[in-house]
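Q: Mind having a look at this structure? Questions to follow.
Every read-out reported here was derived from the displayed coordinates using simple, explicitly stated rules and does not represent laboratory data. None of these values were measured; they are calculated from a predicted model. Heads up, the Cβs are rebuilt from the backbone with ideal geometry, glycines too, and the neighbour counts pull from every protein chain shown.
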Amino acid sequence: GENVEQHPSTLSVQEGDSAVIKCTYSDSASNYFPWYKQELGKRPQLIIDIRSNVGEKKDQRIAVTLNKTAKHFSLHITETQPEDSAVYFCAVKRPGGYNKLIFGAGTRLAVHP
Amino acid sequence: ETGVTQSPTHLIKTRGQQVTLRCSSQSGHNTVSWYQQALGQGPQFIFQYYREEENGRGNFPPRFSGLQFPNYSSELNVNALELDDSALYLCASSTTGATNEKLFFGSGTQLSVL
């Protein structure tokens, strides 16, 4: 069945360092791969997404890479700042008429000044 | 443009009771989906509503049901509450256009079942 594994579960970096979070998925038909950021007590917010016809997408300090053959995608955050501290979730979606996202278990990122 | 709003923010119920959670979709969005987020886990898809009908469902029992109204707002109803139903319930809205996969979440309702 559908499964998304996310690693690491926790990540601690110094301000200014880079952070990388990786997700692997099982369903080769998946074609949409978003990343959400959830600060403590707040709503999940979409920070970047990628579709299966694209290998990489960048938005300022955030980038996502997709390897369809290996069925994994990664979130890259460069020049981390304390406000990047949050839980990050990856998700996948199959083609189809409804927006069923399968989420990973999350990565708690802590950026230390 | 208003975002997704949910009510109430917190709720405490006892086992066996019934609960109704409410969601107003973001302006211009006609599709609403509901997710359950247990502590320390990622959100899990419950179901989606479009044109006032359920058009997709995850692995949740029939005691989880919903409604969508003509103004696209939605309700999630849970009957015969169980302790394991304690979680954050998130509503998300989206459009049916080219960017329909982009979900915009509300802040959720934290449900505690005692």
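Q: Kindly provide the GluC sites (Glu not before Pro) of region B:8-114 that DSSP labels as loop, not H, G, I, E or B, and whose Cβ sees at most 13 other Cβ atoms within 10 Å. Don't skip to the end; give the middle numbers.
A: Numbers: sites: B:52, B:53, B:54, B:75, B:82, B:101; in loops: B:52, B:82, B:101.
Here the sparse-neighbourhood loop sites are B:52, B:82.
Q: For Cα pairs less than 8 Å apart in space and 6+ apart in sequence, what is the mean separation divided by the residue count of chain B, i.e. the relative contact order in percent?
A: Values: 298 pairs, mean separation 41.4, N = 114.
This gives 36 percent for chain B.
Q: Determine the shielding of peptide A:66-74 by partner chains: average, over its residues, the number of Cβ atoms on other chains within 10 angstrom of each Cβ. The partial results should precede the final answer.
A: Numbers: counts 0, 0, 0, 0, 0, 0, 0, 0, 0.
Mean shielding count: 0.
Q: Over chain A, what is the relative contact order in percent, taking alpha-carbon pairs closer than 8 angstrom and at least six residues apart?
A: Averaging sequence separation for qualifying contacts and normalising by length gives 36 percent for chain A.
Q: I would also like to ask the following. Where nothing but the Cβ of Lys and Arg (+1) and of Asp and Glu (-1) is charged, how large is the charge dipole of chain A around its Cα centre, in debye to the nearest 20?
A: On the way: 14 positive and 12 negative charges, 96 e Å.
Here the size comes out at about 460 debye.
Q: For chain A, how big is the tail of P(r) above 17 Å, as a whole percent of Cα pairs?
A: On the way: 3233 of 6328 pairs.
Across chain A, Cα pairs with separations above 17 Å total 51 percent.
Q: Can you give the Kirkwood hydrodynamic radius of the protein assembly as shown from its Cα pairs, in Å with one decimal? Present the calculation step by step, with values, prior to reporting the outcome.
A: Numbers: mean 1/r = 0.0554 Å⁻¹.
For the protein assembly as shown, inverting the mean 1/r across all distinct Cα pairs yields 18.1 Å.
Q: Chymotrypsin sites (Phe, Trp or Tyr not before Pro) within region B:59-114: which are DSSP loop residues with at most 10 other Cβ atoms inside 10 Å? Before the final figure, lay out the partial values.
A: Values: sites: B:64, B:72, B:89, B:104, B:105; in loops: B:72.
Here no chymotrypsin sites (Phe, Trp or Tyr not before Pro) fit, given the DSSP loop and packing criteria.
Q: Name the shape class, rounded, prolate or oblate, that the alpha-carbon gyration tensor gives for region A:30-86, where a ≥ b ≥ c are the square roots of its eigenvalues, rounded holds for a/c under 1.5, and otherwise prolate holds if a/b is larger than b/c and oblate otherwise.
A: Numbers: a/c = 2.54, a/b = 1.66, b/c = 1.53.
The shape class here is prolate.
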